[in-house]
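As structure tokens, the structure follows; a few thoughts come after it.
A short reminder: the numbers here are calculations on the coordinates, not readings from a lab. Computed from a prediction, not measured in an experiment: that's the story for all the values here. Glycine also receives a Cβ, built like all others from the backbone with ideal geometry; neighbour counts cover every protein chain displayed.
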């Protein structure tokens with residue numbers, strides 16, 4: 001009994017376990033055996049419920065980013081943004097990365113993730129580029145390759161694709177990218193093996 005209201009403290013979301021202890025029903029919580037719990041498909045995170053498409057990372061709900069193996073070609077198309085993580089592991093070395101936005105302009109952003117030294121530092125942003133975008137020397141900017149250094153540890157490279165980024169050149173879009181494994185002892189060796197230039 002809570003004031004003049006009868007409540008079952010084992011199942012009432014407004015009085016879960018004790019009077020006025022509210023479960024956050026808007027986040028998918030309900031009261032079970034006097035405890036606020038999340039629906040089965042939603043992870044519990046710092047007293048809150050993540051969306052079913054999220055994971056809990058240090059008491060913060062974050063998007064569940066698909067993991068891509070290093071060296072594997074990633075390709076897609078369509079109007080929806082896409083973010084993937086490439087785990088580079090504990091090995092130290094230089095790794096190649098490349099991109100191709102094909103015809104319709106897309107933007108591909110490479111960032112280091114979860115590395116103590118960098119913590120999400122920008123590696124490369126292609127800008128919004130397609131088949132007709134060229135640099136000052138007339139070289140197409142829609143595709144290219146570079147080499148980056150990985151110092152080992154947890155994490156890797158997160159790649160974010162923003163498709164159809166130019167509202168004046170919208171259409172069916174196709175893009176691809178690869179982040180290689182950190183197997184090269186020097187930048188020169190990486191560039192020579194992969195034709196990745198500055």
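Given a Förster distance of 25 angstrom, what is the FRET efficiency for residue 122 paired with residue 183, based on the Cβ-Cβ distance and rounded to 0.05? My answer for the efficiency is 0.60.
Residues within the reach of a label modelled at residue 76 (point 7 angstrom out along Cα to beta-carbon, backbone nitrogen below 19 Å), restricted to region 121-161, are 123-130, 143-144, 156-161.
Spin-label model, residue 170/residue 32: points 7 Å from Cα along the beta carbon direction are separated by 4.3 nm.
Springs join every pair of Cα atoms under 10 Å in this Gaussian network model of the chain, and among 169, 40, 74 the largest mean-square fluctuation is at 40. Among 149, 110, the ranking by other beta carbons within 10 Å of each residue's beta carbon, starting with the fewest, stands as 149, 110. Computed over the chain, the Cα gyration tensor eigenvalues convert (square root of 5λ each) into semi-axes of 46, 21, 11 Å, ordered from largest to smallest. Extension gain, residue 149-residue 91: 0.36 nm per intervening residue step, less the Cα-Cα distance, totals 19.8 nm.
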